[in-house]
Amino acid sequence: MRVQSTDVVVVGGGAAGCYAALSLHRHGVKPVIVCKGLVGKSGASIFAGNLVLAGRALGNTEEHARNTAEFLIKYHNQFLIDQRWARACSQWIENVYYPELEEAGLYLRRDDKGQVVTSPGKIRSVAANLQGNSGVPFMDLRRKQVIKAGIPRLEESAVTALLRRLDGSVCGVFALDIVSGEYQIVLARAVILATGYSDRLHARSTGTREMSGDGIAMAWRAGATLVNLEMQWWHTNDIANPPAWQRMQVYPNPMLGSEKSARMVNSVGEEFFNQQEDDPLAYGPYTVQLKALAKQVHAGKARYDGGYYAGFDHCDAREVETFTSYGKTFRQLGLRFPEQLVEAAVTAHYRQGGIDVDTKTMRSSVPGLYVAGGLAGHSNGLIGLATYDGKVVAEGVMEDLPQLALGVLREADVESEARRLESLLRARRDGVPVSQVKVAIRQMM
């Protein structure tokens, strides 16, 4: 068992966790990031498709700014959002977020004239390189920033419990090194949970295998107040088969550089949803799509697990492939692109609710425990919004640090958690451990 101490433990290596750690580091506070996968290479943030333009950023008009605000509050959060927080977030994204990203070297896709390519329409977005793939270069940048800053990382380590003082306040974490099997204790003055909002709790889920709802579970066991957990988002445009491709989405939003978006067709060939035509303000039209699909299911013209199709047969191939990678996906499935559509199915996506927080500081109801990004219940994500939370939570923690003492190791609690984990372990007499497979794959790559 390894034990170490720091000022703040950040659990999660996505957009919110990385930015929180970087912000703390810039102000002389010592963070440690604990991540189930590799920092910047696991979780939900790497799957960000586009970067939505808020406020007057990158040529947005006042009308674009109003439309984006309406989309964020009405369509993206179903009004389950702190609107004062949303206003402050929009201003920060316009004035700090995009200038900071470009200064740091994130390449926003440009045309031959050097102009940033946006999706036209009532709400504008940009992409880092290719539409549908913005999260990968975005999080590569964050990983490099974390490494350059020298911020300690415990990677491939699953936090299984929050450690608490006698008064119930949170003061550290208990983690399991997935590769070595060693237990790790990190004592701190405060803990930031930033484990995201995509939980693999359904047979079809956009969440990766390591996204198992641990943040919610640990906060609940520590006594944190939760909110809106009954609200779940669903994708309707994800590829039905093979099952391993269920995270591949036929993006329903407007394409970069085009007025068109993917269309949805039922089992008898009737179009029943096209975002640009049916609801232009629903930039993330998942709830609107699902309502349209439900009508087709009730009419016997689709099923929730398939029997309907999505694609770009109304577009020229060059129009789609200039700034997206959709054509490659269709061709790998043996389909003629763009003439043929792909069968789609419903997949569980983001959880709307989460841990209840004070949005001015990201404090939870439990002293010493803070939350950032989609794990909190105040907003349903987007990579820019999660990043803003990283900034706010760092400021909240720094405000409270003078009143927070370093955690003290309580042997009884550590032994109890170790026994709990050992009771869950299963002995394997054959096969190869998953950790060994991952190491072998990395060596080949």
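The values are calculated or read from the model by the stated rules, or taken from the named source; none is laboratory data. No experiment lies behind these values; they were computed from the predicted model shown. In this analysis, Cβ positions are derived from the backbone assuming ideal geometry, glycine residues included, and neighbour counts consider all displayed protein chains.
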| query | What are the residues in the range 316-331 that are over 18 Å from Pro242 (Cβ atoms) and surrounded by 19 or more Cβ atoms within 10 Å (Cβ to Cβ), if any? | reply | Val320, Phe323, Thr324
| request: Give the range 1-45 a look and list any residue that's modelled with pLDDT under 90 and buried (at least 24 other Cβ atoms within 10 Å of the Cβ), or say none. | output: Gly43, Ala44, Ser45
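Just checking, which of Arg66, Arg87 is charged (D, E, K, R), touching a helix residue (DSSP H, G or I) at 6+ places or on another chain (Cβ under 8 Å) and in a helix (DSSP H, G or I)?
Result of the check over Arg66, Arg87: Arg87.
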| task | Any residue in the range 231-244 that's surrounded by 15 or more Cβ atoms within 10 Å (Cβ to Cβ): show its pairings with residues that are modelled with pLDDT of 90 or more and of a type in the set (Ser, Thr, Tyr) at Cβ separation under 7 Å, as long as the two are six or more apart or on different chains. | result | Trp234/Thr347; His235/Thr347; Asp238/Thr347
| said: Which numbered condition in (1) assigned to a helix (DSSP H, G or I); (2) without any contact (Cβ under 8 Å) to a residue 40 or more places away in the chain is the only one that Gly269 fails? | reply: (1)
| field | Boolean, Met218 is assigned by TED's automatic domain parsing to the domain that holds Ala20, buried (at least 17 other Cβ atoms within 10 Å of the Cβ) and either at pLDDT 85 or above or assigned to a loop (DSSP other than H, G, I, E, B) (or both) | value | yes
| Is the range 269-287 home to any residue that is buried (at least 17 other Cβ atoms within 10 Å of the Cβ), at pLDDT below 85 and of a type in the set (Gly, Ala, Ser)? | yes
| field | Condition broken by Ala412, with the remaining ones in (1) of a type in the set (Gly, Ala, Ser); (2) buried (at least 24 other Cβ atoms within 10 Å of the Cβ); (3) over 15 Å from the mean Cα position of the chain (by Cα); (4) in a helix (DSSP H, G or I) satisfied | value | (2)
| field | Pairs with Cβ under 6 Å, 6+ apart, first in the range 130-158 and closer than 24 Å to Val29 by Cα, second of a type in the set (Lys, Arg) and part of a loop (DSSP other than H, G, I, E, B) | value | Ala158/Lys36
| query | Which pairs have Cβ atoms under 6 Å, sit 6 or more apart or on different chains, and link a residue in the range 410-424 that is of a type outside the set (A, V, I, L, M) to one that is buried (at least 16 other Cβ atoms within 10 Å of the Cβ)? | reply | Glu417/Ala161; Glu417/Phe174
| task | Check whether at least one residue in the range 98-113 is assigned to a loop (DSSP other than H, G, I, E, B) and closer than 26 Å to Asp199 by Cβ, and report yes or no. | result | no
| task | Scan the range 46-63 for residues that are on the phi < 0 side of the Ramachandran plot, assigned to a loop (DSSP other than H, G, I, E, B), modelled with pLDDT of 80 or more and surrounded by fewer than 24 Cβ atoms within 10 Å (Cβ to Cβ) and jot them down. | result | Arg56, Asn60, Thr61
